[in-house]
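Take a look at the structure below.
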Amino acid sequence: MTAQDSATAPTSIAVSTPGDTETGTLGAARGAGPEHRSTTPGHGDARADARTGTLLAALGVTAFSLTFPATAWGLEGFGPWSLVAVRSVLAALVAGGCLLALRVPPPGRRHWAGLAVVAGGVVLGFPLLTTLALETATTSHAAVVVGLLPLTTALLSALRTGTRPSRTFWAAALAGAAAVIAFTVQQSGGTLTGADAYLFGALLVCAAGYTEGGRLARLMPGWQVIGWALVLCLPLSVPGALVALSYEPVRLTGHSVTGLLWVAAGSQFLGLVVWYRGMAAIGVPKASQLQLAQPLLTLVWSVLLLGEHLTPAAPLTAAAVLVCIAVTQRTRG
């Protein structure tokens, strides 16, 4: 989950389930994450584990916050379709290498449908739609709109699981959505643009991927969820990369190569690895609070790395969304 990669995803705990015992047993045997480590006095310092988990989760948030600026760099030398396809291929090679090195067996058949949803939403849909949006929109504009992702994920999760959040939750969710819509309309001169349509579409598909990925993360380590989703996309991403590279001109520069490598290895895979491990150590609520800073961090990177000039509405709207998400996190708990 680039960009960003999952504020509401459950803790990635490897467990043994009927009909899928190989996944849970192997995950536990190989120490899939801090969730398998006892915090009793005889097995380490719980406070040290909490500090380590917080650091790992913060590194994940930092990786996700750099996704949009890195994508903007990548677009300096690649077309949007080439950038997304090559990004997916490179990330799948990294993930596949890790899966092979650890000899992780394929998931059970009943999990592949869920992995396809994760792949369509997180691996292909979100990167493609946000990349198309960033051809005309600034990274600061995109960061504010996509800052609504935790709320969108929470809404889809509630519909998927049939839970009934409190009225306070719904009020905060609607307030956050209203703030973002008002911002996009104001920035676009009174009407929504094609870039805004791409961004709102990206919110929906990514939230669907996060919701399904959160369900799967209860059955296998979270890094394996994104790893297998990336591998599942190879039959599409490899030919897609070849076709896109043959039609879209490529201009290799320091910025374009750095941007491509970051969104492939940093945002698409490694950022999710440290995020899930940190979330397993400190729990979903605390990790989610850290991710509230992601849109604001992206605004900072857009100024420092891209030289963008922020309007007063951007940080104010990001802060308003941050407050709304904080309310939903507390009421959901």
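The values are calculated or read from the model by the stated rules, or taken from the named source; none is laboratory data. Predicted model only: the values in this text are computed from it and were never measured. Ideal geometry is used to build each Cβ from the backbone, glycine not excepted, and the neighbour counts take in all protein chains shown. All accessible areas refer to the heavy atoms of the entire protein, side chains included, with ligands and DNA or RNA removed. Shrake-Rupley method; radii C 1.70, N 1.55, O 1.52, S 1.80 Å.
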So which residues in region 297-319 are surrounded by 19 or more Cβ atoms within 10 Å (Cβ to Cβ) and under 16 Å from ALA179 (Cβ atoms), if there are any at all? LEU299, ALA314, THR317, ALA318
Only one residue in LEU203, LEU174 is surrounded by fewer than 21 Cβ atoms within 10 Å (Cβ to Cβ) and of a type outside the set (Val, Ile, Thr). Which one? LEU174
Which numbered condition trips up THR211, out of (1) open to solvent by 30 Å² or more (accessible area, probe 1.4 Å); (2) closer than 20 Å to GLN294 by Cβ? (1)
Going through (1) at pLDDT 85 or above; (2) surrounded by 23 or more Cβ atoms within 10 Å (Cβ to Cβ); (3) part of a loop (DSSP other than H, G, I, E, B); (4) not charged (D, E, K, R) one by one, THR136 fails only at (2)
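Just wondering, is there one or more residues in region 116-125 that are open to solvent by 10 Å² or more (accessible area, probe 1.4 Å) and farther than 15 Å from VAL231 by Cα?
The initial filter retains those residues of region 116-125 that are open to solvent by 10 Å² or more (accessible area, probe 1.4 Å), namely 116-117, 120, 124-125.
This time we only want the ones that are farther than 15 Å from VAL231 by Cα, so: 125.
The answer is yes; a qualifying residue exists.
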Of the conditions (1) open to solvent by 50 Å² or more (accessible area, probe 1.4 Å); (2) over 22 Å from the mean Cα position of the chain (by Cα), THR253 fails just one. Which one is it? (1)
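Evaluate the following for ARG110: is it open to solvent by 60 Å² or more (accessible area, probe 1.4 Å), of a type in the set (D, E, K, R) and touching an Asp or Glu at 6+ places or on another chain (Cβ under 8 Å)? Even if it seems obvious, please write down each step before you answer.
On the way: open to solvent by 60 Å² or more (accessible area, probe 1.4 Å): yes; of a type in the set (D, E, K, R): yes; touching an Asp or Glu at 6+ places or on another chain (Cβ under 8 Å): yes.
Taking the combined requirement at face value, the residue satisfies it.
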Give me a count of the residues in region 98-127 that are out of contact with any Phe, Trp or Tyr (no Cβ under 9 Å at 6 or more places or on another chain) and over 14 Å from ALA208 (Cβ atoms). 9
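In region 142-170, which residue that is open to solvent by 60 Å² or more (accessible area, probe 1.4 Å) and within 16 Å of VAL323 (Cβ to Cβ) is modelled with the lowest pLDDT? Don't jump to the end; show me each part of the working.
Going through region 142-170, the residues open to solvent by 60 Å² or more (accessible area, probe 1.4 Å) turn out to be 159-161, 163-164, 167-168, 170.
Now narrow it down to the ones that are within 16 Å of VAL323 (Cβ to Cβ): 168, 170.
Working: THR168: 81, TRP170: 76.
Only one residue fits best here, namely TRP170.
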For residues that are of a type in the set (Val, Ile, Thr) and at pLDDT 80 or above, scanning just region 313-329, find the one that is farthest from VAL144 (Cα to Cα). VAL323
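Per-residue answers, yes or no, for (1) in contact with a Ser or Thr (Cβ under 9 Å, 6 or more places away or on another chain); (2) part of a helix (DSSP H, G or I); (3) of a type in the set (A, V, I, L, M):
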position: GLN224; (1), (2), (3): yes, yes, no
position: TRP228; (1), (2), (3): no, yes, no
position: GLY240; (1), (2), (3): yes, yes, no
position: ALA244; (1), (2), (3): yes, yes, yes
position: ARG251; (1), (2), (3): no, no, no
position: GLY259; (1), (2), (3): yes, yes, no
position: SER267; (1), (2), (3): yes, yes, no
position: LEU270; (1), (2), (3): no, yes, yes
Exclusive hit being crowded, with 23+ Cβ neighbours inside 10 Å and at pLDDT below 80, set ARG218, ARG277, ARG332: ARG277
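Please determine, by comparing only the residues of region 68-97 that are of a type in the set (Phe, Trp, Tyr) and open to solvent by 30 Å² or more (accessible area, probe 1.4 Å), which one is farthest from GLY213 (Cα to Cα). Explain how you work it out, then say what you get.
Pass one, region 68-97, residues of a type in the set (Phe, Trp, Tyr): 68, 73, 78, 81.
Filter once more, keeping what is open to solvent by 30 Å² or more (accessible area, probe 1.4 Å): 73, 81.
On the way: TRP73: 28, TRP81: 24 Å.
Looking at residues that are of a type in the set (Phe, Trp, Tyr) and open to solvent by 30 Å² or more (accessible area, probe 1.4 Å), I get TRP73.
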